[in-house]
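Asks: Dropping the structure in here first, questions after.
The values are calculated or read from the model by the stated rules, or taken from the named source; none is laboratory data. For clarity, every value in this text was computed on a predicted model and none was experimentally measured. Using ideal geometry, Cβ is built from the backbone for each residue, glycine included, and neighbour counts are taken over all protein chains shown. Just the protein is used for accessible areas: all its heavy atoms, side chains included, with ligands, DNA and RNA removed. Shrake-Rupley method; radii C 1.70, N 1.55, O 1.52, S 1.80 Å.
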Amino acid sequence: MRESSAPDGPTAMDESAWEAFVLEDDGMLLLNENWQITDFNSRALALLHCTSPVATGRAFWDLVPDEIADVHQSVVMELLAVSDHHSFTANQKFEDSWTSYSFRRLATGYVVSLRDVASTQKLQHMLEDSERFNHFIFEANPNAMWLFDTTSLLILAVNQAAVEFYIIERQRFVQLKMGVLFPDGEGASLLSELKRGQGAMATSFAPLICKQKKMDGQLVLVELACNRIAWNGHQAVLVSIADVSDRHLVDRALRRENMEMELELARLQVELASANRDLAAFTYALAHDLQSPLHVVNGFATLLMNDYSNVLDKPGRHYVQRIQASSWQLAKLVDDLKTLVQLPALGSDLQEIDLFAVCSSLMDDFRKGDPLRVVTVELPAGHSVVADRKLLTAALACLLANAWKFTSRRADGWIGVALLPGQSALEVVLRISDNGPGFDAAYSARLFTAFQRLHSSVDFPGNGLGLAIVKRVAERHGGQVWAETSTTGASFFMSLPDRSASPRN
């Protein structure tokens with residue numbers, strides 16, 4: 001049958017209406033009163049999966065898949081007997097297709113519109129799946145969650161965790177207004193935020209710390225996280241509850257511990273100030289009260305030896321010499337103790353220091369004390385370091401004095417001073433070496449501890465403070481100390497920051 005022919009009779013269409021019918025994107029069919037097809041367009045044939053010869057004059061329901069006709073035929077015919085139109089959507093499982101059928105009753109028959117709605121159905125199913133998934137996540141969330149309508153403030157939904165948290169039956173829960181959960185009007189701040197952001201969708205509120213009231217009257221400190229969402233046609237707020245009671249208790253305990261620590265720190269600071277005053281008094285005693293009697297003892301022993309040596313016998317002169325040696329040794333101990341105690345209080349006046357000049361001056365002093373000693377000394381010419389002059393001189397004096405002392409029994413004594421590159425470009429290493437007897441490497445960790453000695457004071461006199469002073473000086477400059485020994489002698493190292501190589505702006 002030609003698609004452009006116009007039907008005869010009282011329901012005949014004019015030519016423009018018929019052209020629209022034929023060209024309609026939807027499948028269109030005309031049926032007579034007996035539900036036989038009298039005309040159609042090509043889209044209808046495609047949706048019914050038939051050809052023009054097959055469709056012409058056939059009963060409409062014969063061309064509809066049986067699974068759809070069995071369900072809808074009698075219903076449609078009954079409804080159109082009392083109504084002008086009816087429609088339904090059906091799925092053909094074999095092809096997994098979805099078709100919308102719309103019927104309109106005319107004076108001498110019916111017009112049927114067919115439309116492929118598979119894409120629409122898929123989107124609908126995806127939407128339904130998404131909603132089911134969201135509901136599942138909401139219900140299964142371990143945090144207590146509930147929603148309330150932004151207009152009526154009625155609670156719209158709660159999850160199982162909220163039912164258990166508030167100890168309220170679900171059926172009763174969804175009949176409450178949100179304010180019931182907030183004791184003493186603590187929900188006012190949330191409502192204020194809600195009014196302030198009126199009209200803004202999918203926006204979150206700042207976390208709110210407040211109390212929540214359970215069914216048994218218990219008040220719990222919680223943190224509320226709130227977000228605006230659309231929920232089943234309602235403008236709603238999703239509320240997530242986190243119980244922070246334990247965290248609050250921990251915070252309170254931490255604050256109490258911090259307060260106790262501050263009090264303890266204040267007490268220790270008082271004790272430290274008192275200890276510093278005692279240390280200052282001890283330092284003063286070392287500098288004045290103790291040194292003065294030592295000078296007196298040594299002075300009178302010297303006079304006794306100079307003026308009365310001819311009167312004293314040999315044992316007497318030996319006793320006087322022992323007094324002089326002991327007073328000198330005690331005076332040296334006092335000087336070293338004073339230096340060690342005063343080091344932390346000394347400021348750092350950094351300047352460029354010529355190593356050759358400092359070391360030469362110190363070695364001249366040692367030679368004046370023992371002019372007959374022959375020692376080869378190698379000093380670094382043209383090398384300088386940036387350090388505090390007083391501190392570095394004290395450290396070098398201790399290191400060179402050690403080397404001078406431990407080479408005293410060698411006819412070919414040798415002392416070497418060198419400035420080496422450090423492990424990084426911002427570090428230099430000062431090395432003092434000698435060809436003395438060295439030390440036992442097993443005890444090297446004890447070398448820089450105060451009053452530690454690895455040799456007998458009979459063989460090599462000393463008080464064990466020199467290397468402790470060297471360590472303190474290195475630490476004041478941000479460096480460190482270490483030592484190495486071998487069969488040919490010992491070497492002592494002190495690292496210092498190479499401030500001359502520091503990056504400059």
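Asks: Hey, among 118, 59, which residue is modelled with pLDDT under 90 and either farther than 30 Å from residue 160 by Cβ or of a type in the set (Gly, Ala, Ser) (or both)?
Replies: Numbers: 59 fails: modelled with pLDDT under 90.
Being modelled with pLDDT under 90 and either farther than 30 Å from residue 160 by Cβ or of a type in the set (Gly, Ala, Ser) (or both) holds for just one of 118, 59, which is 118.
Asks: Here is a follow-up. Give the residue that is surrounded by the fewest Cβ atoms within 10 Å (Cβ to Cβ), with candidates limited to residues of the stretch 77-132 that are part of a strand (DSSP E or B) and charged (D, E, K, R).
Replies: 104
Asks: Counting only residues that are in contact with a Ser or Thr (Cβ under 6 Å, 6 or more places away or on another chain) and either of a type in the set (Ser, Thr, Tyr) or at pLDDT below 85 (or both), how many does the stretch 470-494 have?
Replies: Total meeting the criteria: 1.
Asks: Within the stretch 370-413, which residues are touching a helix residue (DSSP H, G or I) at 6+ places or on another chain (Cβ under 7 Å), polar (S, T, N, Q) and farther than 16 Å from residue 360 by Cβ?
Replies: 402
Asks: Also: May I ask you to verify whether residue 266 is of a type in the set (Gly, Ala, Ser), exposed (fewer than 14 other Cβ atoms within 10 Å of the Cβ) and at pLDDT 75 or above? Break it down into steps so the answer makes sense when it comes.
Replies: Details: of a type in the set (Gly, Ala, Ser): yes; exposed (fewer than 14 other Cβ atoms within 10 Å of the Cβ): yes; at pLDDT 75 or above: yes.
It is true that residue 266 is of a type in the set (Gly, Ala, Ser), exposed (fewer than 14 other Cβ atoms within 10 Å of the Cβ) and at pLDDT 75 or above.
Asks: Looking at residue 72 and the list (1) over 30 Å from residue 159 (Cβ atoms); (2) under 60 Å from the mean Cα position of the chain (by Cα), which single condition is not satisfied?
Replies: Unmet condition: (2).
Asks: Out of the residues in the stretch 146-160 that are open to solvent by 20 Å² or more (accessible area, probe 1.4 Å) and of a type in the set (A, V, I, L, M, F, W, C), which is nearest to residue 194 (Cα to Cα)?
Replies: Residue satisfying both the conditions and the ranking: 153.
Asks: Going residue by residue through the stretch 332-350, is there one that turns out to be open to solvent by 60 Å² or more (accessible area, probe 1.4 Å), modelled with pLDDT of 80 or more, in contact with a helix residue (DSSP H, G or I) (Cβ under 8 Å, 6 or more places away or on another chain) and outside any helix (DSSP H, G or I)?
Replies: yes
Asks: For residue 15, are the conditions met, namely being at pLDDT 90 or above and among the acidic types (Asp, Glu)?
Replies: No; evaluated as a whole, the condition is false for this residue.
Asks: May I pose another question? Of everything in the stretch 411-434, what is in contact with an Asp or Glu (Cβ under 9 Å, 6 or more places away or on another chain), under 11 Å from residue 375 (Cα atoms) and open to solvent by 20 Å² or more (accessible area, probe 1.4 Å)? Give them in sequence order.
Replies: Passing the criteria: only 414.
Asks: How many residues are modelled with pLDDT of 80 or more and in contact with a strand residue (DSSP E or B) (Cβ under 7 Å, 6 or more places away or on another chain) when one looks only at the stretch 427-456? Before the answer, list the steps.
Replies: Step one: list which residues in the stretch 427-456 are modelled with pLDDT of 80 or more, which gives 427-439.
Of the ones still in play, those that are also in contact with a strand residue (DSSP E or B) (Cβ under 7 Å, 6 or more places away or on another chain) are 427-436, 438-439.
Matching residues across the stretch 427-456 total 12.
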